[in-house]
Each structure stands twice: as C-alpha cells, then as structure tokens.
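Visitor: Quick one: this structure, given as structure tokens, is what I'll be asking you about.
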Amino acid sequence: MKIQSVRLTTTQAIIRYLENQYINIAGRGLRVCGGGLGIFGHGNVTCLGEALYGARGTLPLYRGQNEQGMGFAAAGYAKQWLRQRFMFCTASAGPGTANLLTSAALAHANRLPVLMLCGDTFSTRLPDPVLQQLEHFGDPTFGLNDAFKTVSRYWDRITHPAQIIQSLPAALATMLDPADCGPAFIALPQDVQGWTYDYRVEMFEKKVHRIRRVTPDAAEIADAVAALKAAQRPMIIAGGGVQYSRAVDELTTLAETHNIPVVETIAGRANLVATHALNIGPVGVTGSNSANTIAEQADVILSVGCRLQDFTTGSWTAFAKDAQIISLNAARHDAGKHRSLPVVGDAKLGLEALSVSLAGYAAPDEWTTKAKAERTKWDAYVAKNVSVGNRPNSYAQAIGVVNDLCDPRDRVVAAAGGLPAEVTANWRTLETGTVDVEFGFSCMGYEIAGAWGARIAQMQREPEQDTIVFCGDGSYLLMNSDIYSSVLTDKKLIILVLDNGGFAVINKLQNNTGNESFNNLIADTPTASTQVSVDFAAHAAAMGAHAETVANPTELGEAFKRAKAATGTCVIVMNVDAYDGWTTEGHTWWEVGTPHVTESERVRDAHAEWESSRIKQRRGV
C-alpha cells in the first residue's frame, strides 16, 4: 500500500494541523482553535507568518499591541468558552516572547488553555550569537524560552520537523484535559520553522476532540456520602470548576434536593443567580458576612471544582478546625488538600452520583434557615453599600449602577487592585456564567486585554450582549492599548475606569498594617515632584473609543445607557475616593507578612493585632 504524504515546512504543518482539530459544542462543530493573536518579528514572520497568511480565512490572526496583552486576551477567550476552545499566541524570538511570560503565568494559575508558538534561536547554531539571543556560557542549549518551563503545563522545543507529529497532539491533550489544563509552549527555532518534512496525510485529517469526563471512584463517593449524611451543618463551596464542567444544573439540583447552602469562590461567582434561595454569597477574604458566618460553623464542607486558594479559605481560618472537607475535583492535586476526603473526577458526574447516593438526606431546616437569614442581612448591607449618595464616590456605587442597568447576559470582567473584592462582594448575579473576576493570578492589565479576548468569544456565542470592564487607574496605566485593538477589530467593550489616584487598595493594606502611606497613591509618592492627573477620557478617545468623564454615579448611569446604545467601544471615567470608598464588611483574616521587629509603635500594634487571629488557622497539609 502506497503511503500518501505531503511535503510541508514545520510551521505550515503546525497550522494545517490546527485547522483540522474540531470540537462539538452545543451541537455545533467548531474548530477547537479559534484563531490566534500575533506580533511579528524576525523570529516568526518569514516562516510562521507565511503559513498563517495561507490560513487567514480559517484561523483569523488578531494583531496585538503588546505580547502580554495577547496572552491575556487568549486567556479571556478560553474562559468565555469554558476551556472548550483556545487561541494561540505567536511572538518573535527575544523580548517579544519574554513579554508573554506574565500572561503564561496567568493562564497557568487559572488552569486555562493557551497555545504559545514562539520564535527561538537557530538549531544549527551556525550564526550564533544572533540578535536578541541570551548566551549561557556553560549551556548553549539554555535560552530565554526555557523560562516558560515554570509557567507551562506542556513545553517543547522543536529541533526537527518530525517532532511536531508527537508534540502537537500532546499539547492539545494537555490543554483539553480537565486535570492538567493550562498553557502549552512550543519553541520554534528560526531555521527549523522553514525546514521541510514529508508528513503523512493522515496527520491532517479532521479530528473531533472530546473533553474527558472522569467518573469518580465508587469508594470515594461512598466515603463522601457517609460524611455528608452525618452532617448537621453541611455547606457546598462552588468553584470555577463547576462552570468548566458545565455542571451548574447538577450543583443546583444537589443543593435543592438536599437543602444544602451554597457559597461561591471568586472564580465560582455566577454559579448561582443572586436570588437563588440557597446562594448564601461569596466566601473568604473578599467574601460576604453571610457566607463566612456559615463557613466557620459548617461541620462538613463539600468543595466542588475549587483549588482552595487563600482568598477562599481565609488563609485557612474561614473553617472550623474540626470541619471535614470533601473535595470533588478533576485534579488529584486539588482533591487532597488539607486532609480532604478526595473525590477525583468530573464535577458534573460527581454531583450526579452524590445526589443519587444521598437519597433521603436533607440538611436540617434550622441550619438552612439560619444560612438564608444571614444572606438576607447581607443583601440589606449590599443594597445600602451600593446606594448612590451614601458617601463619596465609590467602587460599590459604580458597581450598583451598572448592575441595575446591564442586560442579565452581559459579561463582567475585573482583575486586579480593589475591584475584584468589590465586584465579588457587591455584584448581584443576574444569570449564571456571566462574571470573570481574574483572581487566580490577580494580574494588573488583564482587565482590558482579557475583556477583548472575551469579547471575541462573546461575538461567536452571544453577539447581542456586551462585555463590561471594571478597571482601576493603575491597571489602565499599565496596559490600555487593547482599547485600540477593540476599536480596530469592531469588538465593542464598555470600560469603566475608576480613578482613585494610584494603587489605593495596597495603600489601604499599608495603612491597615500600621505603615504610613508611601509610594502607592500618587499624592504620597515622594519622587512625584510634579503632581499631574491623567485625562483618561482624552487618552482613550485618542485610540478611537467614545470616551467621557462623569462627576458622580448618577451621571455614570446616564453615560452607561449611552454606552449600551453605542456600536463601538466606550470608556467612562469617574473618580472614586481612595479612603472612604471601600466595602468594609465580608472579610475573613488573610495572612500577610508583617514586621516582627520595628521601631514604629503603630506597626508593632498592627502586627500583634494581625497575629491574634492566627489561632484560628487550620494547620493542614
């Protein structure tokens, strides 16, 4: 039998392979790779650029303004598609690729699929040392791209065209695996990109991928059920994995059938709508009084799709020391944290199995009634907290105004500074799966760039909805150029820039630990000898956005209505108070390092007060 083959360059073969990888989503056959984001340089334009030009009709390439922003956009895209689709990022050798490190770390921390196809030095080493090459005198194979080993779930350097036959399927398998999901990095030496190989045509046949659902072990289900049936005060922590498993219905069914209160993590916000009777609120450091009250009293805690990060656990002070944790998670690493009873498997299948096996069990009405009463009190606090005119301009007021005026299916994006806590505490979820608060890496700059990627995905799923961005002045100054990207590509964003004059949330932490304000607010920066404020509206308008500055939340509401009616990207700027604009309730303890020795009495007293809560900390594994 004659073997059919096709001669292609390495990069032509990579792109042809990606063109033929599919996934079925809601009955639609879609390419698992939704396209890419790229900035060309000498390390990727001649060969990979040639291959991408030939595929421009099937794998659209979005031109980035900053490589880090490209990675954030790819992460936002993957989140919007619930990790069922990904985008690739391509950067040239050297500084272009180095700029992707932060976004790779964000994707790694958040377990998001992003494929990075980056230029590298020459495999033959004949022209060495080349432009932008880092030379390690004792190891000529060691270069900049090796830095990505720390922030990638899959890493490879292609030194021969045949290697992609194994590397590409392995990269896709990693990105689509619920347990191992994360960024994949493939280094492409500049010479190897153009080398040819006779690839068998079968490599480029259409392949339909499925995201694996692992059935939990029956014995682990039995252990979890035994613990839950003995519970007098059970609670469910719903994490982001619930949404990635598309298990919101199963979560709701289990909670309703067995009368168990549910609290949400930051990544799990929007697992339940705000008005669901069993939604007791967000838990943890940036949580709610309602969720934190029942968390510290719960005797059995079922964690679903959650990695139990410190902002969820209050650095492990949020729960009673003798509470039994059950962890249902696709990843073995997460399922066994803090001596949890592990249930390793898919959230959807696991919740179904637990609900069936719990037949006849319901949490005591007294417990659930108490939880609901706590949520009622929290709702009253939030209603007062977001009220216009209750204090100087605040994040909470802006959030409340937008919450009242947005469409239930609009998507909300926040990431760094004080806004993740404020959105988590004050946003009332109108429909499930509509909130993206990036707090796995809490990365400044994700807000606008990540929202651009989310909007690319949203246009493919719900084009009639809007993507709404809450962004602080600090994050805006760090990375704003994808306002221009959104304008260029007709991907409308509504961006609220809330200006509190610097890094106000870190100033608050600085003050709360007894320290003087220093180098966070512009006004408290000794080297800022010329105090100048930024005209954010003018800056955004220069990039093509419809932009305006408003004086108060009432004006913000009118501006938001105009933004909803507009067809292009809109930026609304409002000053907020750096000191009196915070949500003061809903916080557990959080472990931060404080000085054990100091000449400052205030710092010494703050250290003693901070450490006084450590007695509540669970000392798990």
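Visitor: Using the Karplus curve 6.51 cos²θ - 1.76 cosθ + 1.60 with θ = phi - 60°, work out ³J(HN,Hα) for each residue of the stretch 517-527 in order, rounded to whole Hz, and write x for Gly and Pro.
Guide: 4, 7, 6, 10, 6, 4, 5, 10, 9, x, 7
Visitor: Further, regarding this structure: Quick check: from the Cα gyration tensor, does the stretch 77-217 come out rounded (a/c under 1.5), prolate or oblate? Display every interim value, and only then the final one.
Guide: On the way: a/c = 2.33, a/b = 1.45, b/c = 1.61.
Since a/c reaches 1.5 but b/c is at least a/b, the shape of the stretch 77-217 is classed as oblate.
Visitor: Shifting gears a bit: Only Cα pairs under 8 Å and at least 6 apart count here; give the relative contact order of the chain as a rounded whole percent. Kindly include the intermediate steps, with their values, before the conclusion.
Guide: Working: 1371 pairs, mean separation 82.5, N = 621.
Once normalised by length, the contact order is 13 percent.
Visitor: Another question about this same structure. Which order do Ile39, Ile221 take by accessible area at a 1.4 Å probe, largest first? Could you put the intermediate results ahead of the total?
Guide: Details: Ile39 35, Ile221 15 Å².
The most accessible residue leads, giving Ile39, Ile221.
Visitor: Turning to a different aspect of this structure: For Arg411, which sequence-distant residues (separation of 5 or more, or a different chain) have an amide H within less than 5 Å of its own amide H, given hydrogens modelled in the peptide plane?
Guide: For Arg411, whose amide H was placed from the backbone, the distant partners under 5 Å are Asp466, Thr467, Ile468.
Visitor: How big is the accessible area of Val201 in square angstrom, nearest 10, if you roll a 1.4 angstrom probe over the protein chains?
Guide: Using a 1.4 Å probe on the heavy atoms, I get roughly 50 Å².
Visitor: Roughly how many Å² of Thr257 are accessible to a 1.4 Å probe, to the nearest 10?
Guide: Its heavy atoms expose roughly 80 Å² to the probe.
Visitor: Which order do Trp155, Trp195, Trp589, Trp81 take by accessible area at a 1.4 Å probe, largest first?
Guide: Details: Trp155 60, Trp195 90, Trp589 30, Trp81 5 Å².
Heavy-atom accessible area, descending, gives Trp195, Trp155, Trp589, Trp81.
Visitor: Determine, for each peptide in 12-18, 494-500, the mean count of other beta carbons within 10 angstrom over its residues, then list the peptides with the highest first. Intermediate values should be presented prior to the final figure.
Guide: Working: 12-18: 22.6, 494-500: 26.1.
Most protected by this proxy first, the peptides run 494-500, 12-18.
Visitor: Could you tell me the center-to-center distance, by alpha carbons, between the stretch 484-541 and the stretch 1-22 in angstrom?
Guide: 48
Visitor: I would also like to ask the following. Using the alpha-carbon centroid of each, what span in Å lies between the stretch 600-619 and the stretch 355-414?
Guide: When both Cα centres are located, 30 Å separates them.
Visitor: Here's another thing I want to ask about it. Can you give me the relative contact order of the stretch 48-196 as a percent, contacts being Cα pairs under 8 Å and 6 or more apart?
Guide: Working: 243 pairs, mean separation 37.7, N = 149.
Relative CO of the stretch 48-196 lands at 25 percent.
Visitor: Working with all protein chains in place, sort Ile211, Ile23 by solvent-accessible area computed with a 1.4 Å probe, largest first.
Guide: Solvent-accessible surface, decreasing: Ile211, Ile23.
Visitor: According to a simple spin-label model (label point 7 Å from Cα along Cα-to-Cβ), what is the distance in nm between Ala541 and Glu599?
Guide: 5.0
Visitor: Sticking with this structure for a sec: If the only charges are +1 at each Lys and Arg Cβ and -1 at each Asp and Glu Cβ, what is the size of the charge dipole of the stretch 63-157 around the Cα centre, to the nearest 20 debye? Intermediate values should be presented prior to the final figure.
Guide: Details: 9 positive and 7 negative charges, 127 e Å.
Dipole magnitude for the stretch 63-157 comes out near 620 debye.
Visitor: Also, I was wondering about something else. Amide H of Thr432 versus every other amide H placed in the peptide plane: which residues, excluding those fewer than 5 positions away on the same chain, fall under 5 Å?
Guide: none
Visitor: Given an 8 Å cut-off on Cα distances and at least 6 residues of separation, report the relative contact order of the stretch 433-572 as a percent.
Guide: Working: 185 pairs, mean separation 33.1, N = 140.
The value is 24 percent.
Visitor: Using the Karplus curve 6.51 cos²θ - 1.76 cosθ + 1.60 with θ = phi - 60°, work out ³J(HN,Hα) for each residue of the stretch 181-195 in order, rounded to whole Hz, and write x for Gly and Pro.
Guide: 3, x, x, 10, 10, 10, 7, 10, x, 5, 6, 5, 3, x, 5
Visitor: Turning to a different aspect of this structure: With θ set to phi - 60°, apply the Karplus curve 6.51 cos²θ - 1.76 cosθ + 1.60 along the stretch 537-547 and write out the HN-Hα couplings as whole Hz, x wherever there is a Gly or Pro.
Guide: Listing the rounded values in order: 5, 5, 5, 5, 5, 5, 9, x, 7, 6, 9 Hz.
Visitor: Short version: what are the Cα gyration tensor semi-axes of the chain, square root of 5 times each eigenvalue, largest first, in whole Å? Mind showing how you got there, number by number?
Guide: On the way: eigenvalues 316, 199, 116 Å².
Gyration-tensor ellipsoid for the chain: 40, 32, 24 Å.
The values are calculated or read from the model by the stated rules, or taken from the named source; none is laboratory data. Only a predicted model underlies this, so the values are computations on that prediction, with no experimental measurement involved. Note: ideal-geometry Cβ built from the backbone for every residue, glycine included; neighbour counts use all protein chains shown. Accessible surface areas use protein heavy atoms only, side chains included; no ligands, DNA or RNA. Shrake-Rupley method; radii C 1.70, N 1.55, O 1.52, S 1.80 Å.
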